[in-house]
Structures are given as structure tokens and as C-alpha cells.
Amino acid sequence: MLITSTGNPRIKQIRALSNRKNRSQTGLYFVEGIRLVGEAVELNADIDTLVTAPELLHSVFGREVVAEAAKAGIPTLEVTPYVFRHLSGKDGPQGLAAVVRQQWEPLESAEAGVAMGWVLLEKIRNPGNLGTILRTCDAVGCAG
């Protein structure tokens, strides 16, 4: 079923995830972009819902991610480009996003070894900064 209205209750729930209070209450967050969603599917993240706008999804890799998610039984919500842009925080949305369940681990469960790098973050305000930190950690081989 194609969702065409921004007034749809499910769309309103997803849009509400832009608010920290709603993310905390629901235990969900919104991830957007082919690369991020592709990594979430590949790493078996606990994906609640995949959100696609087929008319915006031009990437072959993006379509492969959607097919892989379908094989994994991940529920998919198809929306119009208008609705996707309403959900999106980007100027040029790629047509692929996901609602993912948060997974928190207590700091005590981290097993840091001598050869492992770790980063501990608290109260990140700018998602762009977090993305830069995570890419840097990935590049230098941090364990977590």
C-alpha cells in the first residue's frame, strides 16, 4: 500500500522521531540514506520499518538493500516522494530510510583490550559531529 498523505498516523509517528523526547519514549530512531540503511540491514540491526519512496530510489545498491530487507522479513512502508521529503532531513533525499530500535549496552559490558580503541560520547547535539566521529573510529579500527 502506497502512503500518499503526510497526515497518515504512521507517518506522524515517524516524523515525531525527530524529537528527542519521542525517541526516548519509543526506543526508536530514524535513519536516512542508502549507505546508513544498507549498513543497518547488513549488520542485522533491529529494524522496525523500512521506508521507501521508489520514485526517488535510483541507486542499484539501494534497490538491493530493499530486496535484502524484504528477504529478512523487515516490514516496508512505501511512500510518495512528497511524503518522503516530509520525513527527510536532507535537501536531496535518496528514497530510503529506516525506523530502528535503539540498543543500549551498559558501559560495564564493554571489554576494552590494549590494542582496541574506544570512544565514549555523551549528549551529542549535532548528528553531523557524531557521523564524523563514527567514520573516524571506523577508519582507525575502533572496537566500539
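Go through the residues of the range 96-115 one by one and say whether even a single one is touching a Pro at 6+ places or on another chain (Cβ under 9 Å), buried (at least 18 other Cβ atoms within 10 Å of the Cβ) and assigned by TED's automatic domain parsing to the domain that holds Lys12. Looking through the range 96-115, none of the residues is touching a Pro at 6+ places or on another chain (Cβ under 9 Å), buried (at least 18 other Cβ atoms within 10 Å of the Cβ) and assigned by TED's automatic domain parsing to the domain that holds Lys12. Looking across the range 1-16 at every residue that is farther than 11 Å from Leu77 by Cβ and surrounded by 14 or more Cβ atoms within 10 Å (Cβ to Cβ), the one that is farthest from the chain's Cα centre (by Cα) is identified as Thr6.
Each row is one residue, and each column tells you yes or no for (1) in the same structural domain as Thr80 (by TED's automatic domain parsing); (2) among the small types (Gly, Ala, Ser); (3) in contact with a Pro (Cβ under 7 Å, 6 or more places away or on another chain); (4) under 13 Å from Phe84 (Cβ atoms).
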residue: Thr26; (1), (2), (3), (4): yes, no, no, no
residue: Val31; (1), (2), (3), (4): yes, no, no, no
residue: Thr52; (1), (2), (3), (4): yes, no, no, yes
residue: Leu56; (1), (2), (3), (4): yes, no, yes, yes
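For the range 45-55, filtering for residues that are under 12 Å from Gln103 (Cα atoms) and either part of a loop (DSSP other than H, G, I, E, B) or at pLDDT below 95 (or both) leaves 2. It is to be established whether one or more residues within the range 118-127 are among the basic types (Lys, Arg), assigned to a helix (DSSP H, G or I) and loosely packed, with under 13 Cβ neighbours inside 10 Å. Looking through the range 118-127, none of the residues is among the basic types (Lys, Arg), assigned to a helix (DSSP H, G or I) and loosely packed, with under 13 Cβ neighbours inside 10 Å.
The values are calculated or read from the model by the stated rules, or taken from the named source; none is laboratory data. Keep in mind it's a predicted model, so treat the numbers as computed, not measured. For neighbour counting, all protein chains shown are included, and Cβ atoms are generated from backbone atoms with ideal geometry for every residue, glycine included.
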